[in-house]
Amino acid sequence: MRLFLAIACFLIASPANALDAASANIKTIEANGWQLQGVHIALTELAKSPQRLVLTIDRLVLPEPFNDLNLANIHCAAFTWGNKAMVCTKGQAEIRSQRWQSPAADFSFRVAENRSSFSLANLYWAGGRFAVEGEEIGHQWRLKIRARRVDAELMQALIKLPSAEFKDGRISFSIDASGSNDVVHTIDAAVNLKDFSGQSTDARFAAEKLNLTARLEAFRDDNGWQWQQHAEASGGALYAEPLYLTIGAQIIALDAQGDWNDKTQQAEVKSVSYHHPGAAALKGSAVVRHDDKVRIEKADMTLTSEDLAGLSAAYLKSLFEETALEGVSLAGRMKADFSIAQNALIRLTAGFSDLDVNDEAGRLAMQGGDGILNWSSDEAFHKKSEWVWQRLQVRALPVGPARLSFLAKAGTIELLEKTNLPFLDGIIAVNAFKWQTRPQEEPEVYFEGNVDKVSLEQLSNALDWTPLSGTISGHIPGVDYRDKTLSLGGELNIKVFDGEIKVTNLASSGLFTDFPRLHAELEINNLDLDQLTRRFEFGGITGRLSGYVQQLYMENWKPVSFYAWLGTPDDDDSKHRISQKAVRNIASIGGGGAADILSRSFLRFFETFMYDKIGVGCYLHEGVCQMMGVEAAQQGYYLIKGGGLPRIDVIGYNPRVNWNVLMDRLARISTTDEVRIE
């Protein structure tokens, strides 16, 4: 405005005369960094009122930081001066700049004693149009800027933003501002993005074909700024690390209002509302500080979802990618209240109903989940949580309806009451459970409970083991999980077939991954072969069976290596008989010729035979079993050492047998009996 006042001073100082026309040429007019170069003023029709003035200016140079923008060839065809005012209503100017290119823009101004204004219209830049209006009343001023359909890619090429890269789309915006001297008092800004694509230079934020409208209104008071904003996204996609959001047909809306303190660089968000139809709604308040980085000082929020499937598809899917939860999705309803302090979650109360959890990898599934989760970072927190479900599936293992009561605080989850989990036609009683997280390390887990009549047949089928049958009952001693390893405290005793199986040194690593590993030692004592083989299609055998499995190592529940032996105990004085079918099957394990002998000799007329000892051993290494028997033979090894009449010996001739082949031969075995664990 000061440069217009300089022109006014020049005209006022010009001498009046009776000429019909007058003109003046001025090389330069300069005021506060504004510079008019090549000014020409022509005054015609002096006898008339008002007189006709024509103003031309070769170049208008602006002060820093706007000195790259120059107005050139300014021409005011309708220029009047009278009543202490200069008015240009039909002016034009060219804009010459490395960034701004507009060959012809409409230009007008009005300079008066206490009120001045100017306007630029039809400014062409980056494929769009601009308009600028300014007004000054004393020390007060107002500014309006309008931009329509600016090409984002051209804009990026012209202004070269250091922190962002615009690739495609159109940008329209408007800015209305007012203030006094160099202080801004009010701002009303709006922006519209159409099919906008771009990203930040650090690749943490990006947009693709985004359609967005947003408006910000703000005014300054004694304490800073009061503001409110509204934004709507109606198409395209957004990425804000690590979230990728695809915006469908439903309009996503964000509203907020609050204060901004210039001195503390702190924003108080008095209310915020985010609404994504078909997914979730978020409401609350927050205090955010912005100095060298953005930090949430505190926040109290409520998240509601009437359709967790929509929330899962829109938000969780991208958040879970390349994490342990990849492929997990939810369905049902949820309402959660939570608080944040110093960028960290400090309190959470979440209620769920009709919750279903699905995992594409088959690791976990839940149906009919209901309950409430209460959690706090305060170690003194004591408000309990409760959870129920109709069905729970962990890998291939199903758990029936159950209820849990537990305490969740800081990095700890602890069971408050004993609970019974229906499991494979039996019960797993959980007497104690505790989960404790550790910074930068795997969590620690402790478990202790009981098992009652769990079906071995269903368990072996679920784990794809050689089919078994019967039930398991008894006590499970303390089980610890730490340093990524699950270990059994003490020993596990299984009473089965009138004998005992003792499990020691049980440990499993990677239990919650796609590649679990297990180590164990087994001791087998005095199993009743009659009870055992009655449940087999292998053939009947009487007597006792003892043995061991040492250094057992399994990967993904498949044996990799072990040293095992099963055979007749030295002190077994029970009756030893074996059926013809069992003889044939044992012979097939070691590749013996007993089957041919039975079919070609008188022995084929006997249904059972006496034996002295029976036994088979295997050292499994690299998928091959190194076989052994009760004792060495002249060629091979004895699998059955005959005794009494009729007598038959079975010799194994194959010292090495492929493990998968051996499992195929034993796959017909099945049992049904009761097992008790002590």
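Which pairs turn up if I take residues in segment 243-256 that are closer than 24 Å to R204 by Cβ and look for partners that are in a strand (DSSP E or B) and among the small types (G, A, S) with beta carbon separation below 6 Å, at least 6 apart in sequence or on another chain?
What qualifies is T246/A237; I247/A233; I247/G235; I247/G236; I252/A233; L254/A231.
Test of understanding: among L486, L459, which residue is open to solvent by less than 60 Å² (accessible area, probe 1.4 Å), touching a residue at least 24 places away in the same chain (Cβ under 8 Å) and in a helix (DSSP H, G or I)?
L459
Which condition does L143 not pass, out of (1) more than 30 Å from K209 (Cβ to Cβ); (2) at pLDDT below 80; (3) in contact with an Asp or Glu (Cβ under 8 Å, 6 or more places away or on another chain), if it passes all the others?
So the condition that L143 fails would be (2).
Would you check which residues across segment 341-350 are open to solvent by 70 Å² or more (accessible area, probe 1.4 Å) and not in a loop (DSSP other than H, G, I, E, B) and list them?
L345, R347
Determine, yes or no, whether T302 is touching a Lys or Arg at 6+ places or on another chain (Cβ under 7 Å), open to solvent by 30 Å² or more (accessible area, probe 1.4 Å) and under 27 Å from Y274 (Cα atoms).
yes
Looking at G449, G400, which is the one that is within 30 Å of N493 (Cα to Cα) and in contact with a Pro (Cβ under 7 Å, 6 or more places away or on another chain)?
G400
Inspect all residues belonging to segment 311-326 and state whether any of them is part of a strand (DSSP E or B), open to solvent by less than 30 Å² (accessible area, probe 1.4 Å) and modelled with pLDDT of 95 or more.
The answer is no, given that none of the residues of segment 311-326 is part of a strand (DSSP E or B), open to solvent by less than 30 Å² (accessible area, probe 1.4 Å) and modelled with pLDDT of 95 or more.
May I ask you to verify whether F338 is open to solvent by 30 Å² or more (accessible area, probe 1.4 Å), modelled with pLDDT of 95 or more and touching a helix residue (DSSP H, G or I) at 6+ places or on another chain (Cβ under 9 Å)?
So F338 does not fit the description; no.
Residues that are in contact with a helix residue (DSSP H, G or I) (Cβ under 8 Å, 6 or more places away or on another chain) and surrounded by 15 or more Cβ atoms within 10 Å (Cβ to Cβ), at least 3 per element: which strands (runs of 3 or more DSSP E) completely within segment 525-587 meet that?
none
Give segment 229-252 a look and list any residue that's of a type in the set (S, T, N, Q) and exposed (fewer than 15 other Cβ atoms within 10 Å of the Cβ), or say none.
Once the filter is applied, which keeps residues that are of a type in the set (S, T, N, Q) and exposed (fewer than 15 other Cβ atoms within 10 Å of the Cβ), segment 229-252 yields only T246.
What's the number of the condition F515 fails, among (1) within 21 Å of F562 (Cα to Cα); (2) part of a strand (DSSP E or B)?
(2)
Considering (1) open to solvent by 30 Å² or more (accessible area, probe 1.4 Å); (2) among the aliphatic types (A, V, I, L, M); (3) at pLDDT below 75; (4) closer than 19 Å to I26 by Cα, say which one A77 fails and leave the rest.
Looking at each condition in turn, A77 falls short on (3).
Condition first: open to solvent by less than 60 Å² (accessible area, probe 1.4 Å) and modelled with pLDDT of 95 or more. Now tell me which residues in segment 260-273 satisfy that.
Of everything in segment 260-273, those that are open to solvent by less than 60 Å² (accessible area, probe 1.4 Å) and modelled with pLDDT of 95 or more turn out to be V269, S271, V272, S273.
Residues that are within 26 Å of N461 (Cα to Cα): list the strands (runs of 3 or more DSSP E) wholly contained in segment 351-451 that include at least 1 such residues.
The qualifying strands (runs of 3 or more DSSP E) are 364-376, 384-389, 391-394, 397-399, 402-409, 419-423, 426-438.
Based on what the data block shows, is I494 touching a residue at least 40 places away in the same chain (Cβ under 8 Å), under 24 Å from A396 (Cα atoms) and open to solvent by less than 50 Å² (accessible area, probe 1.4 Å)?
yes
Where in segment 97-177 are there strands (runs of 3 or more DSSP E), lying fully within it, with 2 or more residues that are open to solvent by less than 70 Å² (accessible area, probe 1.4 Å) and within 30 Å of F205 (Cβ to Cβ)?
Fully inside segment 97-177 and qualifying: 115-125, 128-137, 140-151.
Residues A408, A402, A396: which one is under 22 Å from T471 (Cα atoms) and crowded, with 17+ Cβ neighbours inside 10 Å?
Selected residue: A402, the only one of A408, A402, A396 that is under 22 Å from T471 (Cα atoms) and crowded, with 17+ Cβ neighbours inside 10 Å.
Scan segment 178-225 residue by residue and report those that are crowded, with 16+ Cβ neighbours inside 10 Å, more than 19 Å from A152 (Cβ to Cβ) and under 36 Å from the mean Cα position of the chain (by Cα).
Matches in segment 178-225: L216, E217, A218, W225.
Show the residue pairs meeting these rules: Cβ distance below 9 Å; 6+ apart or different chains; first residue within segment 273-294 and on the phi > 0 side of the Ramachandran plot; second residue aromatic (F, W, Y).
Correct list of pairs: G284/F338.
Check N660 against each of (1) modelled with pLDDT under 90; (2) farther than 17 Å from D570 by Cα; (3) open to solvent by less than 10 Å² (accessible area, probe 1.4 Å); (4) not aliphatic (A, V, I, L, M) and name the one condition it does not meet.
(3)
Could you tell me how many of the residues in segment 627-656 are under 15 Å from I541 (Cβ atoms) and of a type in the set (A, V, I, L, M)?
5
The values are calculated or read from the model by the stated rules, or taken from the named source; none is laboratory data. Quantities reported herein were computed from a predicted structural model and do not represent experimental measurements. Every residue, glycine among them, receives a Cβ derived from its backbone with ideal geometry; neighbour counts consider all protein chains shown. For the accessible areas, the whole protein counts, side chains as well, though only heavy atoms, and no ligand, DNA or RNA atoms are used. Shrake-Rupley method; radii C 1.70, N 1.55, O 1.52, S 1.80 Å.
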